[in-house]
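The values are calculated or read from the model by the stated rules, or taken from the named source; none is laboratory data. None of the values given here were measured: they were computed from a predicted structure. Because the Cβ atoms are built from the backbone with ideal geometry, glycine has one as well, and the counts that use them run over all protein chains shown. The protein model used for the area step is the full one, side chains on, heavy atoms only, and it has no ligands, DNA or RNA in it. Shrake-Rupley method; radii C 1.70, N 1.55, O 1.52, S 1.80 Å.
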Amino acid sequence: MSVLHAIILGIVQGATEFLPISSTGHLRLIPRLFGWNDAGITFDVALHAGTLLAVISYFWRDWIDLLRPLVLRKPQTANPGLGQNLFWGLVIGCIPAGIFGLLLNDTIDRIEQTKSLDTWVMIVVASMLIVVGCIMYACDKYGSKKKKKLAQMCFMDWVVIGFAQAAALVPGVSRSGATISAGLARGMDRDAAARFSFLLSTPIILAAALVHIPDILHKGIPQDQRMAFAAGIISSAIVGYIAIRFLLGYLRKHSINVFVWYRLALGVFILSLIASKM
């Protein structure tokens, strides 16, 4: 893999991890469109490390405010907009994805590495792009209009969004798309739904990286690929940070329809590609 390919995939990962358009779908599609060799699970983990750096860089103050009461044993006062119980809400929200991720991790890895299943996986990706796109539209347009903020979230909000995040284990769903839509359905305003989605992604991305660290340490990174890995991580981190900032600003004034139409168009495009090769 060349440094240029690594930078392009880093840009794709950084943008699609946080925009509600499916990072898995894009990372499977781009190499196949251009005939690139599969970069492998190790490089995927490296790209996720880049997006982890992005979300921590953007929300580090929020995480300090969330963790301060646990460390100092004092009520959180620095950022009351987060709410007293949001930390535990994030813990609860991560449980479904954590359980299903551990149970299905080996199965997902086998599917990823089985070339004969590529076409079927891409059909699933395309189908989920379309189906979840429709769900996103419905949640944004017809969801509860309570316009709840982060501090107003309740137990059921955390549980519903947590299961939505678990559903993103299916390729093409999009973790941010599923969680933001669930938040909208539960009556959150767009900004709060996106913010909770991004905060919720931090422990999940970290856990996904940690699961594969033993395998990475065992195999190591080939010396001739270290520059490419560094380029992928850096580009993923920079673009991820920009994507977070863009989406939070965008959703304060606009609906998520532009992402819905993009998902529908991409899903149809992938299905047409598959049909043309049959």
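Looking at region 258-267, is at least one residue in contact with a Gly (Cβ under 6 Å, 6 or more places away or on another chain), closer than 29 Å to Met1 by Cα and modelled with pLDDT of 95 or more?
So in region 258-267, the residues in contact with a Gly (Cβ under 6 Å, 6 or more places away or on another chain) come out as 260, 263-264.
After this cut, where a residue has to be closer than 29 Å to Met1 by Cα as well, the list is 263.
With modelled with pLDDT of 95 or more added as a condition, the list becomes 263.
Among the residues of region 258-267, at least one is in contact with a Gly (Cβ under 6 Å, 6 or more places away or on another chain), closer than 29 Å to Met1 by Cα and modelled with pLDDT of 95 or more, which makes the answer yes.
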For this session: Answer yes or no: is there a residue in region 109-123 that is buried (at least 19 other Cβ atoms within 10 Å of the Cβ), at pLDDT 90 or above and either touching an Asp or Glu at 6+ places or on another chain (Cβ under 6 Å) or part of a helix (DSSP H, G or I) (or both).
Result: yes
Seminar exercise, completed: Checking Leu206, Leu210 in turn, the sole residue that is modelled with pLDDT under 95, under 12 Å from the mean Cα position of the chain (by Cα) and either on the phi > 0 side of the Ramachandran plot or open to solvent by 10 Å² or more (accessible area, probe 1.4 Å) (or both) turns out to be Leu206
Exercise. Given Leu103, Leu86, which one is loosely packed, with under 14 Cβ neighbours inside 10 Å, over 17 Å from the mean Cα position of the chain (by Cα) and more than 27 Å from Val260 (Cα to Cα)?
Worked result: Leu103
Seminar exercise, completed: All-but-one check, Val258 against (1) surrounded by fewer than 22 Cβ atoms within 10 Å (Cβ to Cβ); (2) β-branched (Val, Ile, Thr); (3) in contact (Cβ under 8 Å) with a residue 40 or more places away in the chain, failing number (3)
Problem set entry | One residue from Ala182, Ala192, Ala168 being of a type in the set (A, V, I, L, M, F, W, C), within 12 Å of the chain's Cα centre (by Cα) and either closer than 22 Å to Met153 by Cα or open to solvent by 20 Å² or more (accessible area, probe 1.4 Å) (or both) | Ala168
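Within region 4-61, can you find the residues that are charged (D, E, K, R), open to solvent by 20 Å² or more (accessible area, probe 1.4 Å) and within 19 Å of Val125 (Cβ to Cβ)? Show your work before the answer.
As a first pass, look at region 4-61 and keep what is charged (D, E, K, R): 17, 28, 32, 38, 44, 61.
So of that shortlist, the ones also open to solvent by 20 Å² or more (accessible area, probe 1.4 Å) come out as 32, 38, 44, 61.
Once the filter is applied, which keeps residues that are charged (D, E, K, R), open to solvent by 20 Å² or more (accessible area, probe 1.4 Å) and within 19 Å of Val125 (Cβ to Cβ), region 4-61 yields Arg32, Asp38, Asp44.
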Problem set entry | Pairs with Cβ under 9 Å, 6+ apart, first in region 1-14 and in contact (Cβ under 8 Å) with a residue 40 or more places away in the chain, second surrounded by 20 or more Cβ atoms within 10 Å (Cβ to Cβ) and outside any helix (DSSP H, G or I) | Met1/Ala39; His5/Ala39; Ala6/Ala39; Leu9/Met1; Leu9/Ala39
Exercise. Is there a residue being in a loop (DSSP other than H, G, I, E, B), crowded, with 23+ Cβ neighbours inside 10 Å, among the hydrophobic types (A, V, I, L, M, F, W, C) and at pLDDT 90 or above anywhere in region 237-250?
Worked result: no
For this session: Take Phe229 and decide whether it is aromatic (Phe, Trp, Tyr), closer than 19 Å to Val45 by Cα and surrounded by 22 or more Cβ atoms within 10 Å (Cβ to Cβ).
Result: yes
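Name the one entry in Ala192, Ala207, Ala178, Ala166 that is more than 24 Å from Asp44 (Cβ to Cβ) and in a helix (DSSP H, G or I).
Values: Ala207 fails: more than 24 Å from Asp44 (Cβ to Cβ); Ala178 fails: more than 24 Å from Asp44 (Cβ to Cβ); Ala166 fails: more than 24 Å from Asp44 (Cβ to Cβ).
None of the others qualify; the one that does is Ala192.
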